Amino acid sequence: MKYYDKLIFDLSKAGRQGYSLPACRWENSVSELPAGLLRSDAPDLPQVSELDVVRHYTNLSQMNFGVDSGFYPLGSCTMKYNPKINEEIAAMPAFAGLHPLQPSQTVQGVLRLYKDLSHALSEITGMAEFTLNPFAGAHGELTGLMVIRQYHMSRGDLKRTRIIVPDSAHGTNPASAAVCGLEIVQVKSKANGLVDVEDLKPLLDDTVAGIMMTNPNTLGLFEKDIREIASLVHECGGLLYYDGANMNPLMGVVRPGDMGFDVLHLNLHKTFSTPHGGGGPGAGPVGVAAHLAQHLPSPRVLEAEDGTLYVAEDDGDPCGRISGFMGNFGVLLRAYTYILMLGKQNVKMVGPLSVLGANYVKEALKDCYELPIPSVCKHEFVFDGLKDKSTGVATLDVAKRLLDYGFHAPTIYFPLLFHQAIMIEPTETESKETLDGFIEIMRHIAAEAISDPESLKTAPHTTPVRRLDETTAARQPVLRYKDIN
Ligand SMILES: *Cc1c(COP(=O)(O)O)cnc(C)c1O
């Protein structure tokens, strides 16, 4: 333990201060707050100098791991580099100082940007129209499902209350469907990891609202039967929802709109290089085919005949309202900057390069780690633990050991189809040298599992904290440094 880890909150010394503000001019004025809401004693804050505060936060920040500190191959999360120009643009006073209640005439440029970003996303995905209002991927899923429900309701087709979700789906898919009041029906995957069309057929009838799919799916595999699945679902009157959180491998190669999808969401905080982690902020825009545009949520940005843009509260037959205003504008701005900085030509390189990187790592490790589905992957792939199962070393141990070598662990124990799943997604922003370094360490860990299994089972050894009780940390988090009765 280092000096500052121990004493950080205990440096307080009565009267020491880290700021100098002018004397308060309203000391004796009458407060407008009701007496019951006024606090009677000063808050019990540490009394420390500015330097103490700087060291406290700097040391805390160094205990963290981020994509700016090292390789972060977290499958299904697309931890790509967040270019710093995005931050520069988002911090420009003209953007940072906006207020959501400003009259439309004073924010024409901003509304134009909203339209332009929507248009760029339409070009990339093949969907006719977008709302940029949702705040996260799961929020986008809920919005998209609300659009689907509104579509069926507007046609008086009220018995469509079931939604089909593959067993490999991201957990947010069934969760969002449940929040939307839909009944979830699972469709199975075949041994090759793809949706089983024969299992799907008997599920299709006039109670089906639609199907939620990810393509490539969470195993990083392209659903080859997507055309057939699309026509089967459409024939029974259902709609196709595309979970586009991980659009990375498709960028510039193929468009969900062309595969027959009616609704999709994107995670700008994955595919479009805006930061994520720590609970946000994010953005989960939803795109729809032309026949569903009228059901997008309010408010919407519309264009008058003379080219003036305005915010419409209740245009068309909206599915409702899913945000206070127009989404996380700062995040939208970063994604817009990313798209313009890449330009049309380079956006097309994202998919092929992310797929190349994933296959490179997979091929270099498959003799040490169990590869249950050996086909060419897209942007990510899944190992089922170490190849040599005799050592008793589990996927969790491999993940913890990686931290000792300065890499973030991949996603583990997801998808649920394999007991020892390790899901690796390198992304296109990493150099070959970084990938080679990761491969070398992964091979080294596989060798350690045989020569010194104990060092893996007790890992990590070098991090600020060791193995945590993750369940208790999530259920009963300790959010204060002191107990307060
Ligand atoms: C990340 C992810 C989501 C959820 O996105 P959030 O922004 O975390 O709500 C949904 N589906 C897939 C496939 C994902 O990878």
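Derivation of every value follows stated rules applied to the coordinates shown; laboratory data play no part. As the structure is a computational prediction, the values presented were derived from the model and not from experiment. Ideal geometry is used to build each Cβ from the backbone, glycine not excepted, and the neighbour counts take in all protein chains shown.
Lys and Arg at +1, Asp and Glu at -1: add these up for the other residues within a Cβ distance under 11 Å of Asp157 and post the number. Cβ neighbours under 11 Å give a net charge of +3. Counting every pair of alpha carbons in the range 102-172, the share spaced more than 18 Å apart comes to 60 percent. Neighbour counts of other Cβ atoms within 10 Å put Lys362, Lys188 in the fewest-to-most order Lys188, Lys362. Along the axis of the charge dipole computed for the chain (Cβ charges of +1 for Lys and Arg, -1 for Asp and Glu, origin at the Cα centre), the listed residues Phe65, Thr271, Ile211 are led at the positive end by Phe65. Shape of the range 198-322 from the C-alpha gyration tensor: oblate (a/c of 1.5 or more and a/b not above b/c, with a ≥ b ≥ c the square roots of its eigenvalues).
How big is D, in µm² s⁻¹, for the range 396-476 by Stokes-Einstein at 4 °C and 1.567 mPa s if Rh is the Kirkwood radius over C-alpha pairs? Let's see the in-between values first.
On the way: Rh = 14.0 Å.
Once the numbers are plugged in, D ends up at 93 µm²/s.
With all pairs of different C-alpha atoms in the average, the Kirkwood value for the hydrodynamic radius of the range 147-266 is 14.3 Å.
When each full DSSP H helix of the chain is screened for a Cα extent of at least 27 Å along its own axis and an average Kyte-Doolittle hydropathy of at least -0.5, the helices passing are 329-365, 432-451.
Note on the range 59-97 and the range 196-237: Cα centroid distance 36 Å, given to the nearest whole angstrom.
For the chain, give the share of DSSP beta bridges that are antiparallel, in percent and rounded to the nearest 5; count only bridges with both residues there. If you can, show how the numbers build up before the last one.
Working: 19 of 36 bridges.
Given both bridge residues lie in the chain, the antiparallel proportion sits at roughly 55 percent.
Summarised as an ellipsoid, the range 293-447 has semi-axes of 44, 19, 14 Å, derived from the eigenvalues of the Cα gyration tensor scaled by 5 and square-rooted, with the largest first. Charge tally around Val253: other residues with Cβ under 13 Å, Lys/Arg +1 each, Asp/Glu -1 each, net +1. How many percent of Cα pairs in the range 46-172 exceed 18 Å? Across the range 46-172, Cα pairs with separations above 18 Å total 77 percent. Taking 7 Å steps out from each Cα toward its Cβ at Asp68 and Ser20 produces label points 3.0 nm apart. Across all Cα pairs in the range 93-136, the calculated P(r) in 5 Å bins from zero up to the longest distance comes to 5, 19, 23, 24, 16, 10, 3 percent per bin.
From the gyration tensor of the Cα coordinates in the range 84-341, what semi-axes in whole Å does the equivalent ellipsoid have, largest first, with each one equal to sqrt(5λ)? Write down the numbers at each step before the final one.
Values: eigenvalues 200, 85, 44 Å².
For the range 84-341, the semi-axes come out at 32, 21, 15 Å.
Quickly rank 101-112, 76-87 as a protection proxy: mean count of other C-beta atoms within 10 Å, highest first.
Details: 101-112: 12.7, 76-87: 18.5.
Ranking the peptides 101-112, 76-87 by packing returns 76-87, 101-112.
Need the C-alpha centroid separation for the range 319-346 versus the range 109-176, integer Å. So the separation of the two Cα centres works out to 15 Å. Restricting attention to the range 84-341, lysine pairs at least eight places apart or on different chains and with alpha-carbon atoms under 26 angstrom apart total 11.
Taking every Cα-Cα distance in the range 246-291 and sorting them into 10 Å bins from zero, the calculated P(r) comes out as 25, 49, 22, 4 percent. The phi-based Karplus calculation (6.51 cos²θ - 1.76 cosθ + 1.60; θ = phi - 60°) puts the 3J(HN,Hα) values of the range 209-224 at 7, x, 10, 9, 9, 10, 8, x, 6, 6, 8, x, 10, 7, 6, 5 Hz, whole numbers, x for Gly and Pro.
Assuming a ≥ b ≥ c are the square roots of the Cα gyration tensor eigenvalues, decide whether the chain counts as rounded (a/c under 1.5), prolate (otherwise, with a/b larger than b/c) or oblate. Taking the square roots of the gyration eigenvalues as a ≥ b ≥ c, the chain is oblate.
Relative protection proxy for 62-69, 240-247, 226-233, from highest mean packing down: 240-247, 226-233, 62-69 (other beta-carbon atoms within 10 angstrom).
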